[in-house]
Amino acid sequence: MLAFSVLAALLSVVSASPAPMPDGTVGGPEPTLGPCMDAYLKHAHIVATPSTTTVGGLQVAYDSATSGRASLVSSGIYSLWDFSNGGVGQQPDCAPTLMWLNIDPNIAYYPPLYWNKTQITTNWSAGYNQDLVAKETKLYNTTDTFIACKPLNSAVKNPPWYLFLLTPSSVALASAPSLKNFDTKSCVKTRLTVLY
């Protein structure tokens with residue numbers, strides 16, 4: 001009988017309601033996961049779309065061989081993205097923005113896209129599940145269209161596609177100074193979409 005009394009006492013403790021908190025609410029404190037919650041935020045790739053193009057499905061990357069040119073590869077940057085101040089910044093978990101996607105401000109026709117630790121381009125319109133849009137500047141009109149081109153005479157067997165902003169121009173691709181080291185016959189139009 002003593003064993004039954006002990007068991008009954010234990011069960012009453014286990015099934016008892018939690019004691020009220022100092023503020024009068026019932027229950028315990030919410031568990032925390034530490035100071036950094038970035039791992040639970042939206043991570044995404046920036047992907048070439050639509051999938052029907054030659055480069056469709058490829059992902060934006062940082063090309064270290066060219067000091068940070070933006071390129072398209074099969075496995076690109078998967079990250080949090082910082083869209084503040086009209087920018088597109090790659091933000092590692094629990095850290096400040098590392099690199100910003102910029103449009104070369106010194107080139108009027110087909111300016112290249114590149115990564116830099118400094119945010120230079122402040123006219124992006126972007127967000128998760130949206131196309132990147134370069135808003136109008138003195139050099140170009142608002143556009144969501146880019147071109148991806150292969151380099152000429154690459155020593156790499158399967159070189160990446162490099163990205164340029166498609167600007168309205170009477171300058172032919174083959175005559176554009178920004179494309180002089182690229183196979184302009186390989187260039188394809190694409191959009192860039194932040195997909196998570």
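What to note about this one:
- Test for T97: is it in a loop (DSSP other than H, G, I, E, B) and modelled with pLDDT of 95 or more: no
- Among the residues of region 67-82, those identified as more than 17 Å from T118 (Cα to Cα) and surrounded by fewer than 18 Cβ atoms within 10 Å (Cβ to Cβ) are V73, S74, S75, Y78.
- Any chance S169 is in contact (Cβ under 8 Å) with a residue 40 or more places away in the chain, outside any strand (DSSP E or B) and over 23 Å from H45 (Cβ atoms): yes
- Residues in region 137-150 that are in contact (Cβ under 8 Å) with a residue 40 or more places away in the chain and of a type in the set (D, E, K, R): D144 alone.
- Residue satisfying all of: in region 107-136; within 13 Å of L165 (Cβ to Cβ) and free of Cβ contacts under 8 Å to residues at least 24 places away in the same chain; surrounded by the most Cβ atoms within 10 Å (Cβ to Cβ) among these: V133
- One residue alone among K185, K157, K150 is under 16 Å from Q59 (Cα atoms) and either open to solvent by 20 Å² or more (accessible area, probe 1.4 Å) or not in a helix (DSSP H, G or I) (or both), and that residue is K150.
- Of all the residues in region 71-91, those that are free of Cβ contacts under 8 Å to residues at least 40 places away in the same chain and either touching a Lys or Arg at 6+ places or on another chain (Cβ under 9 Å) or acidic (D, E) (or both) number 1.
- Some residue of region 166-175 being out of contact with any helix residue (DSSP H, G or I) (no Cβ under 8 Å at 6 or more places or on another chain), of a type outside the set (A, V, I, L, M, F, W, C) and surrounded by 15 or more Cβ atoms within 10 Å (Cβ to Cβ): yes
- For T97, the conditions (1) surrounded by 14 or more Cβ atoms within 10 Å (Cβ to Cβ); (2) without any contact (Cβ under 8 Å) to a residue 24 or more places away in the chain; (3) under 26 Å from V171 (Cα atoms) are fulfilled apart from (3).
The values are calculated or read from the model by the stated rules, or taken from the named source; none is laboratory data. Note that the structure is a prediction, hence the values are computed from the model and not measured. Glycine also receives a Cβ, built like all others from the backbone with ideal geometry; neighbour counts cover every protein chain displayed. With ligands, DNA and RNA removed, areas are computed over all heavy atoms of the protein, side chains included. Shrake-Rupley method; radii C 1.70, N 1.55, O 1.52, S 1.80 Å.
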